[in-house]
Amino acid sequence: MERPVSEPGVGQVRLRVEACGICHTDAATVSGTYPGLTLPRVPGHEVVGRIEALGAGVSKWRIGQRVGVGLIAGEDGVCEPCRRGDIVNCHNPVVSGVTADGGYAELMIAEARAIASVPDELTSVDAAPLLCAGITTYNALRNAGLRGGDLVAVQGVGGLGHLGIQFARHMGFRTVAIGRGHEKDNLAKDLGAHIYIDTAVEDAAAVLQRMGGARAILAAATSGDAMGPLVSGLSARGKLIVVGVPQDPIQLNAFPLVFGGRSIYGSLTGTPIDAEDTLGFSVLENIRPMIETVPLEQAADAYARMMQGKARFRMVLVTNVAASNEA
């Protein structure tokens, strides 16, 4: 649909969108089920574009600068998490594609405090998925208190997992990929996994225990039924870090949690400076998402392909301006 062009308000910028990744979280907007959502709303929270207008009070950013916007795109600054510096867990955040229009569009209004600079070494289509899937897996691993050489497993060789494997390997961890089906073996190892565990023929927790137990397991596949048993594959004080959000419950046996002091917790995205760290590390170690690009006009078809599990592994909408800039 066509909409009037909006001017950025105080502390805002208007972006000319070049690329926007399609994330499974977008389903909560498309289906109208995200808590507090008011329709109509433009989805999209993996957005890369160029600033074409500055609102009052914006001084750090400049016209023509290429920037990115992720899921958490602003904070209220007054709730307890914000006052303690934990803006990702703000009680009243600006959420791209939920409380504010997102990037399935040619233009987008964004809070200046929520944008991240995109390095010249990254194309817009490569940078877009790193602003959600990338920062989610990168932050989860780097904030887990791990050391180089630690045994780290990544459950799932998909939209999140294929990035998690690359980050784990390049952070210096002994990296194990967990998937289902022998056909993922070569891909997992190409991405950097030292070992691939095929859950169709092996018990992942048992294999990990034979290796000494994982210091951390990044649970990236959206299956609660598959996540719960992985706790038994952790070493003492090991951590199951949930970044994929399954619709089915995660069922846990308390014994391995109590005996061994193991833990399970979730990790959600990061701040704009965390996004810049993610992009910078990806440039440094040549980490890139595996993507399929689709013209913005075919957004509905691309979204359906993602929901059907046919994407390999991230779908990215590309506008005409992006095509001309990267030609």
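The values are calculated or read from the model by the stated rules, or taken from the named source; none is laboratory data. None of the values given here were measured: they were computed from a predicted structure. Glycine gets a Cβ as well: all are built from the backbone with ideal geometry, and neighbour counts include every protein chain shown. Calculation scope for accessible area: heavy atoms of the full protein, side chains included, ligands and nucleic acids excluded. Shrake-Rupley method; radii C 1.70, N 1.55, O 1.52, S 1.80 Å.
What to note about this one:
- Some residue of segment 123-140 being hydrophobic (A, V, I, L, M, F, W, C), touching a residue at least 40 places away in the same chain (Cβ under 8 Å) and more than 30 Å from residue 14 (Cβ to Cβ): yes
- In segment 97-134, residue surrounded by the fewest Cβ atoms within 10 Å (Cβ to Cβ) [restricted to those that are polar (S, T, N, Q) and in a loop (DSSP other than H, G, I, E, B)]: 99
- Annotation note: Cβ proximity below 8 Å between a residue of segment 79-93 that is in contact (Cβ under 8 Å) with a residue 60 or more places away in the chain and polar (S, T, N, Q) and a residue that is surrounded by 14 or more Cβ atoms within 10 Å (Cβ to Cβ) and outside any helix (DSSP H, G or I) (sequence gap 6+ or interchain) occurs for 89/268.
- All conditions but one from (1) part of a strand (DSSP E or B); (2) farther than 29 Å from residue 180 by Cα apply to residue 276; the one that does not is (1).
- Failed condition for residue 237, given (1) modelled with pLDDT under 95; (2) in a strand (DSSP E or B): (1)
Every residue, every condition in (1) open to solvent by 10 Å² or more (accessible area, probe 1.4 Å); (2) under 30 Å from residue 34 (Cα atoms); (3) in contact with a Ser or Thr (Cβ under 7 Å, 6 or more places away or on another chain); (4) among the hydrophobic types (A, V, I, L, M, F, W, C), yes or no:
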position	(1), (2), (3), (4)
186	yes, no, no, no
200	yes, no, no, yes
219	no, yes, no, yes
224	no, yes, no, no
233	no, no, no, no
236	yes, no, no, yes
243	yes, yes, yes, yes
251	yes, yes, no, no
254	yes, no, no, yes
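- Number of positions in segment 148-175 that are closer than 19 Å to residue 291 by Cβ, of a type in the set (Phe, Trp, Tyr) and outside any helix (DSSP H, G or I): 0
- Residue in segment 14-27 that is of a type in the set (Gly, Ala, Ser) and assigned to a loop (DSSP other than H, G, I, E, B) present: no
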